[in-house]
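Below is one structure, written out as structure tokens; comments come after it.
The values are calculated or read from the model by the stated rules, or taken from the named source; none is laboratory data. Because the structure is a prediction, the values reported are computed rather than measured. Neighbour counts are summed over all protein chains in view; Cβ atoms, including those assigned to glycine, are modelled from backbone coordinates with ideal geometry.
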Amino acid sequence: MFQALAYPPATRGTIVLWGLLASAPFGGMTWQVLHHLVGIRRLGFNVWYVEDSDRLVYDPTTYWPTTDYAPNVAYLAQQMARVGLGERWIFRPPAQDEMCCGARDRAGLRHLYREADAVLNLCGAQELRPEHQAIRCRVYVETDPVASQIGVALGHRPTIEALAAHHHLFTYGANLGAPDCGVPLLRFQWQPTRPPVCLDWWAPTVPPAAEAALTTVANWKHTGRDIVWQGETYYWSKHHEFLRFLDLPSRTSLPLELALGTLDEADRATLLQHGWRLVPAVQVAAPCAYRSYIRASRGEFTVAKDQNIRLRSGWFSDRSACYLAAGRPVITQDTGFGNLLPTGAGLFAFTTLQEAVEAMAMIAQDYTRHAVAAHDIAVEFFAAERVLGDMLRHIGLL
């Protein structure tokens with residue numbers, strides 16, 4: 001499955017990655033971590049993966065919170081072995097300060113922090129504790145912009161302290177600071193980055209089947225993460241945006257399918273009534289199933305969070321980057337990413353229903369052209385070695 005074992009000598013130093021691979025063992029999260037790990041290793045670094053957090057752990061089969069972390073450790077070991085890094089991971093069980101699973105014990109983990117040239121905090125997954133002060137270079141890699149920047153602007157002390165504990169801040173909000181971006185930027189300097197993808201894992205093989213749909217994978221509804229800024233409420237949950245385009249299946253010849261989680265029966269009935277195909281997200285939650293689902297699709301149609309749309313953060317999805325790498329065109333709601341990425345062939349940014357319809361018509365008319373263009377965009381802008389190389393050069397490690 002993976003072509004990850006032909007690594008160069010690890011002569012450029014040691015980098016630790018913090019993430020959510022074991023504690024949130026969902027397909028998209030797993031690929032996110034593996035792309036970062038393998039991209040860094042392919043650049044010639046000795047890379048380690050560590051989870052050192054007291055956060056909730058989700059069972060890799062049921063996807064419910066659990067206190068039995070043994071299946072999560074087994075899942076982590078399996079994924080790391082698949083990419084040739086089976087001896088380069090450590091998992092500290094939640095609330096067990098002196099115990100570690102994996103290649104080193106607790107003392108070994110502390111030593112790893114001292115010897116590391118940098119530690120990357122992917123998604124801000126790791127809460128920082130006093131022993132992490134021994135790390136000489138702490139790098140925050142934000143995958144969901146807006147909340148932290150507004151938190152700083154509102155003077156939210158925990159957010160400010162968490163960010164201030166890092167030496168470098170990177171964000172998928174690549175449009176931050178642009179004239180058309182409404183995200184406030186106070187106190188901290190953010191560097192733009194993009195989702196890295198190991199292109200060979202997604203390389204196009206065969207064209208999609210005749211009945212293949214434009215698809216996406218998403219959670220339908222979230223609560224409790226909306227943000228109020230300057231008297232306006234900015235929404236997190238994607239269902240608000242999907243409902244704006246409810247009639248889309250009747251306006252296009254291409255089938256549309258959503259692999260959704262957190263979907264109740266009433267909303268399910270509404271979507272089916274309007275012509276959407278539906279798949280339970282749990283069916284594509286495993287990494288192999290997630291990858292196969294994307295590669296079997298005609299392309300992606302998806303929406304973004306209202307927070308990123310109205311404030312034009314420039315956010316771009318790591319899932320969408322995988323579609324592009326698989327040579328599958330992407331039609332996604334405009335967040336301002338068109339200021340940085342080419343659109344109109346292989347990748348389309350839409351605001352209105354009509355713009356989405358027109359993008360689908362273009363793909364249907366000349367699918368081969370748009371499939372090639374999609375892959376070309378992935379090569380130029382999302383190749384893991386290029387994206388992570390730029391990041392590591394900025395912090396002085398390349």
Could you look through the stretch 263-273, keep only residues that are in a helix (DSSP H, G or I) and of a type in the set (Asp, Glu), and pick out the one that is surrounded by the fewest Cβ atoms within 10 Å (Cβ to Cβ)? Glu265
Pick out the one residue from Arg194, Arg136 that is crowded, with 19+ Cβ neighbours inside 10 Å and either farther than 23 Å from Leu56 by Cα or assigned by TED's automatic domain parsing to the domain that holds Ala321 (or both). Arg194
Which count do you get for residues in the stretch 293-316 that are more than 25 Å from Gly177 (Cβ to Cβ), part of a helix (DSSP H, G or I) and not basic (Lys, Arg)? 3
Is it true that some residue in the stretch 274-285 is assigned to a strand (DSSP E or B), within 23 Å of Asp180 (Cβ to Cβ) and not charged (D, E, K, R)? no
Of those in the stretch 197-236 that are surrounded by 19 or more Cβ atoms within 10 Å (Cβ to Cβ) and among the small types (Gly, Ala, Ser), the residue farthest from the chain's Cα centre (by Cα) is Ala213
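Let me confirm something: among Phe350, Phe382, which residue is touching a helix residue (DSSP H, G or I) at 6+ places or on another chain (Cβ under 6 Å) and either closer than 17 Å to Thr252 by Cα or of a type in the set (S, T, N, Q) (or both)?
Details: Phe382 fails: either closer than 17 Å to Thr252 by Cα or of a type in the set (S, T, N, Q) (or both).
Going through Phe350, Phe382 in turn, the sole match is Phe350.
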If only one of Gly173, Gly177, Gly182 is exposed (fewer than 14 other Cβ atoms within 10 Å of the Cβ), assigned to a loop (DSSP other than H, G, I, E, B) and modelled with pLDDT of 95 or more, which one is it? Gly177
Taking the stretch 81-133 and keeping residues aliphatic (A, V, I, L, M), part of a loop (DSSP other than H, G, I, E, B) and surrounded by fewer than 16 Cβ atoms within 10 Å (Cβ to Cβ) leaves Ala95, Met99
Checking Glu161 against (1) charged (D, E, K, R); (2) surrounded by fewer than 17 Cβ atoms within 10 Å (Cβ to Cβ); (3) closer than 20 Å to Gln307 by Cα, only one condition comes out false. Which one? (3)
For the structure I just gave you, tell me whether Val73 is within 20 Å of Tyr172 (Cα to Cα) and either in a helix (DSSP H, G or I) or in contact with an Asp or Glu (Cβ under 6 Å, 6 or more places away or on another chain) (or both). no
Can you confirm whether Tyr290 is surrounded by 22 or more Cβ atoms within 10 Å (Cβ to Cβ), part of a helix (DSSP H, G or I) and without any contact (Cβ under 8 Å) to a residue 60 or more places away in the chain? no
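Can you pull out every residue in the stretch 237-262 that is modelled with pLDDT of 95 or more, outside any helix (DSSP H, G or I) and under 21 Å from the mean Cα position of the chain (by Cα)? Walk me through how you get there before you give the answer.
First, the residues of the stretch 237-262 that are modelled with pLDDT of 95 or more: 237-260.
Within this subset, residues satisfying the condition of being outside any helix (DSSP H, G or I) are 237-238, 245-247, 252-260.
The answer is Ser237, Lys238, Glu257, Leu258, Ala259, Leu260.
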Mind counting the residues in the stretch 333-360 that are crowded, with 20+ Cβ neighbours inside 10 Å and part of a helix (DSSP H, G or I)? 4
